[in-house]
1. On the accessible surface of segment 66-213, probed at 1.4 Å, how many percent belong to carbon and sulfur atoms?
2. Tell me, what ³J(HN,Hα) does each residue in segment 142-159 have, in order and in whole Hz, if you take phi through Karplus 6.51 cos²θ - 1.76 cosθ + 1.60 with θ = phi - 60° and put x for Gly and Pro?
3. On a full-extension model of 0.36 nm per residue, what is the gain between Val114 and Ile155, subtracting their alpha-carbon distance, rounded to one decimal in nm?
4. Would you calculate the separation in nanometres between label points at Thr85 and Leu175, each defined as 7 Å from the Cα along the Cα-to-beta-carbon direction?
5. Please work out the Cα convex hull volume for segment 83-193 and give it in Å³ per residue.
6. Which whole-Hz ³J(HN,Hα) couplings does segment 187-193 yield from phi under the Karplus relation 6.51 cos²θ - 1.76 cosθ + 1.60, θ = phi - 60°, glycine and proline marked x?
7. Just to verify a number: FRET efficiency for Ala144 and Val182, C-beta to C-beta distance, R0 = 35 Å, to 0.05?
8. Students sometimes get this wrong: rank Leu187, Leu175 by accessible area, probe 1.4 Å, all chains present, largest first.
Amino acid sequence: MSGNTTQRHDEHRNHGGHEGHDRHEGHEAHTAHEGHEGHQGREGHEGHSTHEAHGGHDAHAGHHAHAHGPVSWRMAALATLHCLTGCAIGEILGLAIGTAFGWGNGATIVIAVVLAFVFGYGLTMFGLRKAGLSFTTLVKTALAADTVSIVVMEIIDNGFMMFYPGAMDAGLGDLLFWGALVAALALAFVVTTPVNKWLIAQGKGHAAVHGMH
């Protein structure tokens, strides 16, 4: 009788150990489950990174839209005024040289146009001197920014000077010469401003120098 009791007691102890083993397995499963949650958390973190990258893409798209979006008349007028300043210096100097030396209309127009391009490009390059660009890049940027604008201005103001009665034949001391020149430059400004507005909206013209100053 005592032997049977002892055997059942041992079996009960062994059964209890089995229950402990079951609890231990449950603990491992719980640990594995926690690891799985951590893995899910990592996936969530990667998703967050992807979301941030997507946000960066949106920012880039916004920048692209800004470069090619609506352009104000004020922005176009400032770009035109910047270009007109260089052109006006070259125009006045060229016409003054041609008139002072008694050159014909053709030679005077040529020197005026050449100097207008030189001073127009030079003014843009001078404004970008602090941007740390190489000389080659400065030249390319000035060409991209000002070429169309200067061409339009030169056609308008030189055409006006040639067809305005007596303007090209007037001397430097004549009011007619200076009055006609001012009117020619003003007309060039009015005509070129919408051209620059369209160019900037297309990401061309003075859009090449925005943000470089």
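The values are calculated or read from the model by the stated rules, or taken from the named source; none is laboratory data. Owing to the predicted nature of the structure, the values given are computational and were not obtained by experimental measurement. Don't worry about glycine lacking a Cβ; one is built from the backbone with ideal geometry, like all the others, and counts go over all protein chains shown. Calculation scope for accessible area: heavy atoms of the full protein, side chains included, ligands and nucleic acids excluded. Shrake-Rupley method; radii C 1.70, N 1.55, O 1.52, S 1.80 Å.
1. Numbers: 5500 of 7530 Å².
Percent of accessible area from carbon and sulfur atoms in segment 66-213: 73.
2. Couplings: 5, 4, 5, 7, 10, 4, 4, 4, 5, 4, 4, 4, 5, 5, 5, 6, 6, x Hz.
3. On the way: separation 41, 0.36 × 41 = 14.76 nm, distance 1.27 nm.
Extra length from Val114 to Ile155 when fully extended: 13.5 nm.
4. 3.0 nm
5. Numbers: hull volume 10.5 nm³, N = 111.
Convex hull volume per residue, Cα atoms: 95 Å³.
6. Per residue, the Karplus-derived 3J(HN,Hα) values read 5, 4, 5, 5, 6, 7, 4 Hz.
7. After rounding, the FRET efficiency stands at 0.75.
8. Values: Leu187 75, Leu175 145 Å².
Largest accessible area first, the residues go Leu175, Leu187.
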